[in-house]
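What follows is one structure encoded as structure tokens, with my remarks underneath.
Only the coordinates and a few stated rules stand behind these numbers; no lab work does. The model shown is predicted, which means the values in this text are computed figures rather than measured ones. Here the Cβ positions follow ideal geometry from the backbone for every residue, glycine too, while neighbour counts run over all protein chains shown.
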Ligand code: ATP
């Protein structure tokens, strides 16, 4: 899919105009790559979270959820490899002082070539980059950048520093005692939620009497000092992850990896998104902890990009925590082995599914955002509608009296009172009915109900459907049922 920057910019504006997403601390000109969710954004985000949480914990009997703290003992991040390895190769332009992630600089250059029709050359450059990154060949990467005369977008020059590693973890101080050695007080903001699960593996296994295979799920904030952070909520410095670590018997990782790949794709498609919008992308360079890994990519307006990672993490994390903490991270397996005796102790292997909540939000908005031309040559007309999955829509039902008089508001408010216990409703009596419908379209409300004079006679209302804009009369008592049918 070609980049559709115009659509991307329109989505960003729409999110702001309709109370979905605001730049953080906007009155102070914002904070780069940090965003706040507004009144409708926070509802939509919560609905995505609930949908994931339910599918993971409630619908999988062998998965339980936890909520671990953001701050963790600093040794956690030594054991996990983040202190030594959680870094990206960067390069600075000496004239503009602008810093680039090497892969992003090269990918950007390849995209420019593609746009100019030089497809073969773009492909060759990307293949060369993959090889050099896989071999951690920093001199080679610099040479690739220089040989192809890649330029800085700000200075327009090719005057580059060497390629260096840059750690992405944020750190802060913990406690109030002054220490001679500042490193003693240094603590990290977690760059992933997974480690909160690993350090609690035995707590949960023992108190929940969990039997392998089983999973632990968690939703929470993560922080990364991203260098290139200019793609709205696609790449943020503070974001949320929905992760699940699935603990399995060593040797069964291939089978479970395939299982979770299929299971997670099923989840995405269950939201009614077309299959063609998704693809798997296998990792060329595996992270320090993985023996297999892939991304689920979605066709965003900015191109196919990762929304979720599925990683076969081996026993890397538990084994390292065992080594650093000197506490056993073993599981005793009662199942009988081929010799008829219990299999006994082992450190479980892990399959991880890790999805960015904010990226999933962007995916849902991108997939739903539709500009429709409804006009005729004589009478131009258009609307922007968010065709959100009903389950996820912030407001399910708009309730409107046709006019502000003749007792219609009272009837509409009564409907609101009856329905609001079951799902989120929105009441409004201002402006022409057409305008009210359009405002509901813009925030993705799937149903509207209008009370008019006929309601007083036969207890029916007009229900108006967001996507088709069709209207029909239904009995007031049927209203809740119609909406609920689509939510559950
Ligand atoms: P990328 O290659 O895009 O930096 P990653 O491979 O480092 O992502 P993981 O460490 O696998 O990402 O994290 C799992 C998920 O967390 C990602 O699939 C993504 O949805 C989300 N995520 C990671 N970094 C960010 C970020 N800076 N902003 C928003 N979401 C993020």
Exercise for review: Mind pulling the angle between the C-alpha long axis of helix 138-147 and the longest principal axis of the chain? Nearest 10 degrees, somewhere in 0 to 90.
Suggested key: 60 degrees
Check your understanding: Can you give the Kirkwood hydrodynamic radius for the chain, in Å, rounded to one decimal and based on Cα pairs?
Key -> 25.7 Å
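Provide the packing ranking of 149-161, 357-369, 467-479, i.e. peptides ordered by the mean count of other C-beta atoms within 10 Å per residue, highest first. Walk me through the intermediate numbers first.
On the way: 149-161: 14.2, 357-369: 21.9, 467-479: 12.5.
For the peptides 149-161, 357-369, 467-479, the packing ranking is 357-369, 149-161, 467-479.
If packing is taken as the average number of other Cβ atoms within 10 Å across a peptide's residues, how do 444-457, 405-418, 285-298 rank, most packed first?
On the way: 444-457: 20.0, 405-418: 15.5, 285-298: 17.4.
Ranking, from highest mean packing down: 444-457, 285-298, 405-418.
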Study note, to complete from the structure: For the chain, the longest principal axis of the Cα atoms and the Cα long axis of helix 357-368 enclose an angle in degrees, to the nearest 10, of 40 degrees
Practice item. Return P(r) of the range 87-167 (all Cα-Cα pairs; 5 Å bins starting at 0; whole %; ordered from short to long distances). Key: 3, 16, 28, 26, 17, 8, 1, 0
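In the P(r) worked out for the range 395-487, what percent of Cα pairs fall beyond 16 Å?
Numbers: 2007 of 4278 pairs.
When every Cα pair of the range 395-487 is considered, 47 percent fall beyond 16 Å.
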Review point. Does anyone have the angle between helix 316-325 and the longest principal axis of the chain? Alpha-carbon axes, 0 to 90°, nearest 10?
Key: 60 degrees
